[in-house]
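Here is the structure we will look at.
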Amino acid sequence: MRELTFGIVVSLLMGASAGAQTSDAQWITPIQKFIDSFNKGDIAGAAATHAAEADLVIIDEVPPFLWRGARAFQQWSNNLGNQKQGITDQMVKIGAPTRTDLSGDQAYVVAPIVYTFKERGVPMRESAQMTFVLRKGPGGWLIHGWTWTGSKPTAITKESTTKSK
């Protein structure tokens, strides 16, 4: 009887885990769409993943470092564009989230990021972490805030490529 009870408990836990993964995908999707759109240079697509509401907050290493409000994404994008002199081939790669918390219609997600680009032709890399806050509304999950926490970019050399493998 104990084995039967153990089997039932394990089955229930596995089912709950599978259900959690399904709901995770719903609130992780806007993050992946944001990154994919950014990588394609599709600013309108990236903006569509963000709430256009007064509570939207973005913190990034680009001056002025903090954007708030319904137009925060557009303002951040404009400031990023102004800083891109000599920057080409931008690519952001997001890793599996290292932390996810869900509380009703709100989610908190932390994920590792690697940003690569060329600065005046020199390949560069920046390892970072992004923290996202999302909220589910009538239209689905949207990003209501994020932070970029990264080290200073470094040149990609043959040596650094070998070390990272």
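The values are calculated or read from the model by the stated rules, or taken from the named source; none is laboratory data. Note that the structure is a prediction, hence the values are computed from the model and not measured. Every residue, glycine as well, gets a Cβ built from its backbone with ideal geometry; the counts of neighbours run over all protein chains shown. Just so you know, the surface numbers come from the protein's heavy atoms only, side chains and all, with ligands and any DNA or RNA stripped out. Shrake-Rupley method; radii C 1.70, N 1.55, O 1.52, S 1.80 Å.
Of everything in segment 118-146 that is of a type in the set (S, T, N, Q) and open to solvent by 40 Å² or more (accessible area, probe 1.4 Å), the residue that is farthest from ALA70 (Cα to Cα) is SER127. Just a yes or no: is a residue in segment 74-95 in contact with a Gly (Cβ under 9 Å, 6 or more places away or on another chain), hydroxyl-bearing (Ser, Thr, Tyr), part of a strand (DSSP E or B) and loosely packed, with under 15 Cβ neighbours inside 10 Å? Yes; the residues of segment 74-95 include at least one that is in contact with a Gly (Cβ under 9 Å, 6 or more places away or on another chain), hydroxyl-bearing (Ser, Thr, Tyr), part of a strand (DSSP E or B) and loosely packed, with under 15 Cβ neighbours inside 10 Å. With respect to (1) under 11 Å from the mean Cα position of the chain (by Cα); (2) aliphatic (A, V, I, L, M); (3) under 20 Å from HIS50 (Cβ atoms), the lone exception for ALA96 is condition (3). Looking at this structure, is SER37 outside any strand (DSSP E or B), farther than 23 Å from ALA155 by Cα, touching a Gly at 6+ places or on another chain (Cβ under 6 Å) and open to solvent by less than 30 Å² (accessible area, probe 1.4 Å)? Yes: the conditions hold for SER37. Taking the criterion of being in contact with a strand residue (DSSP E or B) (Cβ under 6 Å, 6 or more places away or on another chain) and without any contact (Cβ under 8 Å) to a residue 12 or more places away in the chain, the residues of segment 48-96 that qualify are LEU66, GLN75.
Does ARG99 qualify as being open to solvent by 60 Å² or more (accessible area, probe 1.4 Å), at pLDDT 95 or above and of a type in the set (D, E, K, R)? Yes; evaluated as a whole, the condition is true for this residue. For segment 57-89, the set of residues classified as of a type outside the set (A, V, I, L, M), at pLDDT 90 or above and closer than 18 Å to ILE113 by Cβ consists of ASP60, GLU61, PHE65, PHE73, TRP76, SER77, ASP89, listed by residue number.
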